[in-house]
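The values are calculated or read from the model by the stated rules, or taken from the named source; none is laboratory data. The shown structure was predicted, so the numbers you read here are calculated from the model rather than taken from an experiment. Cβ atoms come from the backbone with ideal geometry, glycine included; neighbour counts cover every protein chain shown.
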Amino acid sequence: MPNILFAARSESWDDYKAPLGAALDATGLPYALGTAFAPEEVDYIVYAPNADVQDFTPYTRLKAVMNLWAGVEGVVSNATLTAPLTRMVDEDGLTQGMVEWVTGHTLRHHLGMDAHIVNPDRTWDATPPPLSADRPVTLLGLGALGQACARALTALGFPVSGWSRSPKTLPGITTFAGEEGLRAALSDAQIVILLLPDTPATADVINAETLALMAPGAMLLNPGRGPLIDDDALLAALDSGQIGHATLDVFRTEPLPDDHAYWTHPKVTVTPHIASTTRPETAARVIADNIRRNETGAPLLHVVDRSAGY
């Protein structure tokens, strides 16, 4: 019978205890679930990187660590963790939330909604927006979240391009890879969406040089990771008009400090890291199914590639 340790902030246990128990019960496997086991008796850890558990050395019979978040940058480089690490891929919760945020803000900028929502001068401008077929969208990052967003935007009629570190082929989407591919993907891009992981290779991928590649007045959406953007370069591009607006959900420091320039910049929308959140009900089923797979001899899903960092 596997012992499953829930290791996250104490307040999260109240949210996860019942859904995890129900999902594990549905597998039919015997188990023990809790927040306190002797380390040498733990088989699985359901984990958030901000948990008290940071040294995995005492967990000598650990079979896997199940990360509760899509991002694993807070644990992937932990040298004490030698057991498999899985990331959260939850199509019914986390992925759906990201698709809704991305499509909502893409349509907002595509249709120019801000000018109508805030219009103190009562300007009557009947110029229609272009149709989606005339508005190319570029996604940087074609993992589970990026692919889901690309499919949703394609279904709305947008011509979608995507860039990833390694080559990928996706129906209906123009794909690029590598350094030259990044330049091609951003060249004259009108709406750019960042869904890359936080790794040393992706730090400041949006910088003065890459911002200059985009179409003048381009819109930038970042629901991915804060370190993807060189903040000073983005603020300069906003001030010059090279970037028309930035809608940002993630930041290097969270909560975003009160004195940060993003709060008051007229061309920046700040959302408080809400684009994609792990939902206990659906995430619990993902975790339970992965434990069931491992206990019955099937391969784990969503195993992190430590060398790539995601």
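Out of all the residues in segment 55-69, which are farther than 20 Å from Ala298 by Cα, out of contact with any helix residue (DSSP H, G or I) (no Cβ under 6 Å at 6 or more places or on another chain) and either buried (at least 17 other Cβ atoms within 10 Å of the Cβ) or acidic (Asp, Glu) (or both)?
Once the filter is applied, which keeps residues that are farther than 20 Å from Ala298 by Cα, out of contact with any helix residue (DSSP H, G or I) (no Cβ under 6 Å at 6 or more places or on another chain) and either buried (at least 17 other Cβ atoms within 10 Å of the Cβ) or acidic (Asp, Glu) (or both), segment 55-69 yields Asp55, Phe56, Leu68, Trp69.
May I ask you to verify whether Val137 is more than 24 Å from Gly226 (Cβ to Cβ) and either at pLDDT 95 or above or out of contact with any Leu (no Cβ under 7 Å at 6 or more places or on another chain) (or both)?
Against the criterion (more than 24 Å from Gly226 (Cβ to Cβ) and either at pLDDT 95 or above or out of contact with any Leu (no Cβ under 7 Å at 6 or more places or on another chain) (or both)), Val137 does not qualify.
In segment 134-183, what residues are of a type in the set (Gly, Ala, Ser) and either in contact with a strand residue (DSSP E or B) (Cβ under 9 Å, 6 or more places away or on another chain) or within 23 Å of Glu209 (Cα to Cα) (or both)?
Across segment 134-183, the qualifying residues are Gly141, Gly143, Gly146, Ala150, Ser161, Gly162, Ser164, Ser166, Gly172, Ala177, Gly178, Gly181.
From the list Gly74, Gly97, Gly93, which one is small (Gly, Ala, Ser) and under 16 Å from Arg306 (Cβ atoms)?
Gly74
Could you go through segment 110-124 and let me know if any residue there is free of Cβ contacts under 8 Å to residues at least 12 places away in the same chain, closer than 27 Å to Pro136 by Cα and among the small types (Gly, Ala, Ser).
Scanning segment 110-124, I find at least one residue that is free of Cβ contacts under 8 Å to residues at least 12 places away in the same chain, closer than 27 Å to Pro136 by Cα and among the small types (Gly, Ala, Ser), so the answer is yes.
State which residue is nearest to Glu100 (Cα to Cα) when the search covers only segment 192-226 and only residues that are out of contact with any Phe, Trp or Tyr (no Cβ under 9 Å at 6 or more places or on another chain), assigned to a helix (DSSP H, G or I) and not aliphatic (A, V, I, L, M).
So the residue we want is Thr210.
Could you check Leu196 against (1) crowded, with 17+ Cβ neighbours inside 10 Å; (2) closer than 18 Å to Ala218 by Cα; (3) in contact with a Leu (Cβ under 6 Å, 6 or more places away or on another chain) and say which number it fails?
(2)
Any idea which of Gly146, Gly181, Gly157 is outside the structural domain of Trp69 (by TED's automatic domain parsing), of a type outside the set (Lys, Arg), in a helix (DSSP H, G or I) and over 19 Å from the mean Cα position of the chain (by Cα)?
Gly181
Please determine, by comparing only the residues of segment 123-172 that are in contact with a Pro (Cβ under 9 Å, 6 or more places away or on another chain) and polar (S, T, N, Q), which one is surrounded by the most Cβ atoms within 10 Å (Cβ to Cβ).
Top of the filtered list is Ser161.
Is there a residue in segment 177-196 that is closer than 29 Å to Ser240 by Cα and of a type in the set (S, T, N, Q)?
For segment 177-196, residues closer than 29 Å to Ser240 by Cα and of a type in the set (S, T, N, Q): present.
Just for segment 237-275: of the residues that are in contact with a Phe, Trp or Tyr (Cβ under 7 Å, 6 or more places away or on another chain) and outside any loop (DSSP other than H, G, I, E, B), which one is surrounded by the most Cβ atoms within 10 Å (Cβ to Cβ)?
Leu248
For (1) in contact with a Ser or Thr (Cβ under 8 Å, 6 or more places away or on another chain); (2) not assigned by TED's automatic domain parsing to the domain that holds Ala150, each residue gets a yes or a no:
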residue	(1), (2)
Ala7	yes, yes
Asp14	no, yes
Leu24	no, yes
Ala32	no, yes
Ala48	yes, yes
Thr60	no, yes
Ala83	no, yes
Gly104	no, no
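Could you give every pair whose Cβ atoms fall below 9 Å, whose first residue belongs to segment 257-277 and is within 25 Å of Leu145 (Cα to Cα) and free of Cβ contacts under 8 Å to residues at least 24 places away in the same chain, and whose second residue is hydrophobic (A, V, I, L, M, F, W, C) and in a strand (DSSP E or B), counting only separations of at least 6 or pairs across chains?
Matching pairs, first to second residue: Val270/Leu248.
Any residue in segment 33-52 that's free of Cβ contacts under 8 Å to residues at least 60 places away in the same chain: show its pairings with residues that are part of a strand (DSSP E or B) and not aliphatic (A, V, I, L, M) at Cβ separation under 6 Å, as long as the two are six or more apart or on different chains.
As it stands, the answer is Thr35/Phe6; Phe37/Asn3; Glu41/Asn3; Val42/Asn3; Asp43/Asn3; Tyr47/Asn67, since those pairs meet every condition given.
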